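K.L.:
For reference, the structure I am asking about is given below.
The values are calculated or read from the model by the stated rules, or taken from the named source; none is laboratory data. Just so we're clear, the structure is a prediction, and the values are computed from it rather than from any experiment. Heads up, the Cβs are rebuilt from the backbone with ideal geometry, glycines too, and the neighbour counts pull from every protein chain shown.
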Amino acid sequence: METIPEAFNDLLEAQIATLATVGANGRPQQSLVWFLAEGGNIRISLNTSRQKTMNLSKNPACSVIIVDPESGYRYLEVRGAAEIEDDSDYAFADRVGAKYGSDLRVHDSPGETRVVVTIAAERVRGVDMRS
């Protein structure tokens, strides 16, 4: 597992990341997501009915990009394999919701559940192209 370069740790507090997954047709699918950085990993709460969750269940290969909100010329990319765990009690979803001031339950329809997606970093790349 690779670690996130210290010079990019501030991006782990960003509000939005882009999650890229591989669809059933082999094409990429991207979504903006809320996330937490915990234990050197990017962790995301996903609803089980979403396309990105289905994609990761079939093919765990994924990538997350976090762009510096102050400069689009600086970003962090984490590539790896997603590990999916049940979060039907919303324990992790509540921690994500606390970061964003939201109850994730309001984003789910009755009968839907959540999972925790942990991205084990196989490749980490911090890019800073500012002059």
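K.L.:
Starting from segment 1-28, keep only residues that are at pLDDT below 95, then list their pairs with residues that are part of a loop (DSSP other than H, G, I, E, B) and not charged (D, E, K, R) whose Cβ atoms are within a distance under 6 Å, requiring at least 6 positions of separation or different chains.
P.N.:
3/40
K.L.:
Sticking with this one: Can you confirm whether residue 15 is closer than 27 Å to residue 102 by Cα, of a type outside the set (D, E, K, R) and not in a strand (DSSP E or B)?
P.N.:
Yes, satisfied.
K.L.:
Considering only segment 103-131, state which residues are more than 25 Å from residue 71 (Cα to Cα), free of Cβ contacts under 8 Å to residues at least 60 places away in the same chain and surrounded by fewer than 17 Cβ atoms within 10 Å (Cβ to Cβ).
P.N.:
Across segment 103-131, the qualifying residues are 103, 105, 106, 110, 111.
K.L.:
Here's something else I'd like to know. Within 24 Å of residue 107 (Cβ to Cβ), among the basic types (Lys, Arg) and part of a strand (DSSP E or B): is that true of residue 43 in this structure?
P.N.:
Yes: the conditions hold for residue 43.
K.L.:
Scan segment 1-58 residue by residue and report those that are of a type in the set (Asp, Glu), touching an Asp or Glu at 6+ places or on another chain (Cβ under 9 Å) and either buried (at least 17 other Cβ atoms within 10 Å of the Cβ) or within 20 Å of residue 84 (Cα to Cα) (or both).
P.N.:
Matches in segment 1-58: 2 only.
K.L.:
Assess whether residue 66 counts as being touching a strand residue (DSSP E or B) at 6+ places or on another chain (Cβ under 8 Å), modelled with pLDDT of 95 or more, part of a strand (DSSP E or B) and crowded, with 19+ Cβ neighbours inside 10 Å.
P.N.:
So residue 66 passes the test.
K.L.:
Taking segment 69-84 on its own, how many of its residues are of a type outside the set (Val, Ile, Thr) and either under 17 Å from residue 121 (Cα atoms) or surrounded by 17 or more Cβ atoms within 10 Å (Cβ to Cβ) (or both)?
P.N.:
Qualifying residue count, segment 69-84: 9.
K.L.:
Same structure, new question: Scan segment 69-113 residue by residue and report those that are in a strand (DSSP E or B) and of a type in the set (Lys, Arg).
P.N.:
Scanning segment 69-113 gives 74, 79.
K.L.:
Might you check whether a residue that is touching a Lys or Arg at 6+ places or on another chain (Cβ under 8 Å) and within 15 Å of residue 108 (Cα to Cα) occurs anywhere in segment 48-60?
P.N.:
yes
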